[in-house]
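Written below as structure tokens is the structure these notes are about.
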Amino acid sequence: MSAPTLHVDALRTGPTAFRGLRLRLKRVDPSGGFLQGGWWPWTDQLHIELPLLLTALAPRMGTVDRVIYDENNWAPASSRMEFRGRSIILEGSATTSTNTLSLIAKGFTRLVLLIVPPCANPTRAYTAVMTASKPGDLSSPDELLGIGPRQAQDRRLALMAHQRWESEGGAQHRLGHKRGDGPVAAEAQEVRRAQ
């Protein structure tokens, strides 16, 4: 069963509709490094933040067909979003580069943005977005966000542990049994036989 498609045909309305888009892009330059700019969203709700970003990027990218996001930094989202009559694939990935968002348009035009967490200190967030948009800047997302090697290693190890946990069956495997199997089920069967 697939996730429902989210329909977003209009820009945000309400109290947050007129807050500025905190986005800065590098000039189009093939030697501009891994990141083409930085974005500091207001929330971790992709379905709320994405329409304004897509509208702002339309002159540079045209129609975006796919968005790949770091699922560890965004609230769960639908796998598709309808925007201005077009379906956009939203692909959450735990293996994508941390604190980035990739937008892919027709013709495989790709734009990778640094994502500054919404709760970031405003001064550090501003500095990260401005630096990510400087021509010739080759900084990694971790460097821009002030994440040191130790924190990055801890994050990688935690992600690997989580992936291993899930690949081994997660909580189901840890309990060591399937439905009707294992110590709890055996104990219940003993009680039934004794009655």
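The values are calculated or read from the model by the stated rules, or taken from the named source; none is laboratory data. The structure displayed is predicted, hence computed values, not measured ones. A quick note on method: Cβ atoms are made from the backbone with ideal geometry, for glycine too, and the neighbour counts reach across all protein chains shown.
Points to keep in mind about this one:
- Check on residue 177, at pLDDT below 65, outside any helix (DSSP H, G or I) and not basic (Lys, Arg): yes
- Inter-residue pairs, beta-carbon under 8 Å, first more than 11 Å from residue 91 (Cα to Cα) and in the range 65-76, second at pLDDT below 85 and hydroxyl-bearing (Ser, Thr, Tyr), 6+ apart: 72/98; 73/98
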